[in-house]
1. Please work out which residue is farthest from Lys261 (Cα to Cα), limiting yourself to region 321-338 and to residues that are out of contact with any Asp or Glu (no Cβ under 7 Å at 6 or more places or on another chain) and at pLDDT 90 or above.
2. If a residue must be part of a helix (DSSP H, G or I) and loosely packed, with under 14 Cβ neighbours inside 10 Å, how many such residues does region 137-170 contain?
3. Those residues that are at pLDDT below 90, more than 20 Å from Arg351 (Cα to Cα) and β-branched (Val, Ile, Thr), I need them from region 289-311; list them, please.
4. From Leu9, Leu52, which residue is more than 30 Å from Glu138 (Cβ to Cβ) and either assigned by TED's automatic domain parsing to the domain that holds Lys184 or not in a loop (DSSP other than H, G, I, E, B) (or both)?
5. Evaluate the following for Leu156: is it aliphatic (A, V, I, L, M), closer than 30 Å to Pro37 by Cβ and in contact with a Ser or Thr (Cβ under 8 Å, 6 or more places away or on another chain)?
6. Among the residues of region 174-184, is there at least one that is in contact (Cβ under 8 Å) with a residue 12 or more places away in the chain and either in a strand (DSSP E or B) or within 25 Å of Gln288 (Cα to Cα) (or both)?
7. Could you list, in sequence order, the residues of region 194-226 that are of a type in the set (D, E, K, R) and out of contact with any strand residue (DSSP E or B) (no Cβ under 8 Å at 6 or more places or on another chain)?
Amino acid sequence: MADVVLEHLRKKFGDLEAVKDLTLKVEDGRFVCFLGPSGCGKTTTLRMIVGLEKQDRGDIYVGGKLVNDLNPSERDIAMVFQFYAMYPGATVRENLAFPLEQQKLPNEEIRRRVKETAEVLRIDGLLDKVATKLTSGEKQRVAIGRAIIRRPQVYLMDEPLSNLDAGLRAVMRVELKRLQHELKQTMIYVTHDQLEGMTMADKIAVMNEGSVLQYDTPETIYRRPKNLFVAGFVGTPTMNMIDCSLVRSDGDLSLDFAGFKIGLPPNVAKYLAENLSTSELTLGIRPQDIGISEVKTMYDSVEASVDVRELVGDRIIVDARVDGITLQVESDRRLSVEVGQKVWLSIDRERMHIFETKGGTLIV
């Protein structure tokens, strides 16, 4: 087992700066996810860690050892790719054994490790099956097995579930988390799917345009996003973002937008009054944190009209329009509303986020 430390990594491809001064530490035995959209630098970072790309600047440490000048084979790292890495004409047993044969391990040791790895991945009944006869899920398990059988210090996974259908991805998410827990090995996992990151990782590094915007636990990233990008990228349905104004009336501060006038708690109002240099703000509120009812139940509820309703399992998602602004609201199926119906919305003040519109930084 080993930690992975990245210090001021930079990588350019021509004029494009793919990774910009990236620094973070993956602690020993942790499952960390690099999460971000296509082109954000997450795969490039992974390739620099394993040694497939050479960084322009910065240092990489694995288990306390500087690996900048080591070849990939010398770094004791295993990598699982999006596309299955195996020999199609060989059996599962032969595919698993091959990395150990390359290390020239004794035959008895190879047989023992193949058996153990197959049992951990629950593919022991497939050992004599040819790879071309396997299902997509079975192929992915074998590809993962070819990595873990080597017993490296660190595992890197580059979108390994992307080619699977939705149902199989859900199964494999659970399997990978179970596997990492059993192995107790350091694992870095790259994905653009925030659901994979939120459900599997101990910590998530949210990336965009070559930079890590936030590195924290899934719960903190969901409940306390540091900026507008993180807030909008993590969470399903996505967070509502509304431009609003900070208004002072009779000495009190409130947020005004689309008919809402949200009074601020004294501590929040005091902080904003003392630290804010602009009145141009963006309010972030998750769909689950907006109350919706068919009658006015709160003094500050605002009237809205239902544009769209979607049933998703035991939940209902409503697009409600208020003065030209659409807010997405999530509630349970007991809410009985139809398109065109009048409803009343109220915002949970304890759950709202206030960002600077310019720059997108979280204020409170």
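The values are calculated or read from the model by the stated rules, or taken from the named source; none is laboratory data. In this text, all values refer to a predicted model and were calculated from it rather than measured experimentally. Note that we place each Cβ from the backbone using ideal geometry, even for glycine, and neighbour counts take in every protein chain shown.
1. Glu338
2. 2
3. Correct list: Val295 only.
4. Leu9
5. In short, no.
6. So far as region 174-184 goes, no, none of its residues is in contact (Cβ under 8 Å) with a residue 12 or more places away in the chain and either in a strand (DSSP E or B) or within 25 Å of Gln288 (Cα to Cα) (or both).
7. Matches in region 194-226: Glu219, Arg223.
Conditions tested, residue by residue: (1) under 27 Å from His181 (Cβ atoms); (2) touching a Gly at 6+ places or on another chain (Cβ under 6 Å); (3) among the β-branched types (Val, Ile, Thr).
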position: Ala2; (1), (2), (3): yes, yes, no
position: Glu7; (1), (2), (3): no, yes, no
position: Phe34; (1), (2), (3): yes, no, no
position: Gly41; (1), (2), (3): no, yes, no
